[in-house]
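Worksheet: one structure, shown below.
The values are calculated or read from the model by the stated rules, or taken from the named source; none is laboratory data. In this text, all values refer to a predicted model and were calculated from it rather than measured experimentally. When we count neighbours, we look across all protein chains shown, and the Cβ atoms used for this are built from the backbone with ideal geometry, even at glycine. Please note that ligands, DNA and RNA were not included when accessible areas were found on the heavy atoms of the full protein model with its side chains. Shrake-Rupley method; radii C 1.70, N 1.55, O 1.52, S 1.80 Å.
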Amino acid sequence: QVQLVESGGGLVQPGGSLRLSCAASGIVVRSYDMAWHRQAPGKQREFVARIRNGDYTNYADAVKGRFTISRDNAKNTVYLEMNNLKPDDTADYYCNVLVLGYPYWGQGTQVTVAS
């Protein structure tokens, strides 16, 4: 059974940094395209970043240059390093993977950017 568990969210001031973690079980993260999405209050869930098999990465324009997705194969964990955070980054952040066409999501971790 695939499980994704996010952690690392919290309250941070504008300009600050956070690192989110997504610990996976039931899959080997290096074998799958892993992604982060986010959902702000009152808005639809949106794509943030993806790391593909072979470590190719792509990002939403809103976070390009500020966020970095990576993975630690030994820990079977995917990370989202977030720098220069802005109030618009406030959202619940979710880890995501497609396995045989079925999407799996974690429970999310909340990020609040406020002074």
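Remarks
- Distance (nanometres) between label positions extended 7 Å along Cα→Cβ at Ser25 and Lys64: 3.8
- Probe 1.4 Å, accessible area per residue of the chain, Å²: 55
- Percent of C-alpha pairs per 10 Å bin in the chain, short distances first: 15, 51, 29, 5, 0.
- Heavy-atom accessible surface of the chain: percent carbon and sulfur, 1.4 Å: 45
- Using the Cβ-Cβ distance between Gln107 and Asp33 with R0 = 22 Å, the FRET efficiency computed as 1/(1 + (r/R0)^6) comes to roughly 0.60.
- Compared with the direct C-alpha span, the chain from Leu98 to Asn73 gains 7.2 nm at full extension, assuming 0.36 nm per residue.
- Those lysines that a straight Cα-Cα span of less than 27 Å connects to Lys75, excepting residues fewer than 8 apart in one chain: Lys64
- FRET efficiency, Thr57 to Ala114 (Cβ-Cβ, R0 30 Å, nearest 0.05): 0.60
- Spin-label proximity, Leu11 to segment 67-84 - amide N less than 14 Å from point 7 Å beyond Cα toward beta carbon: none
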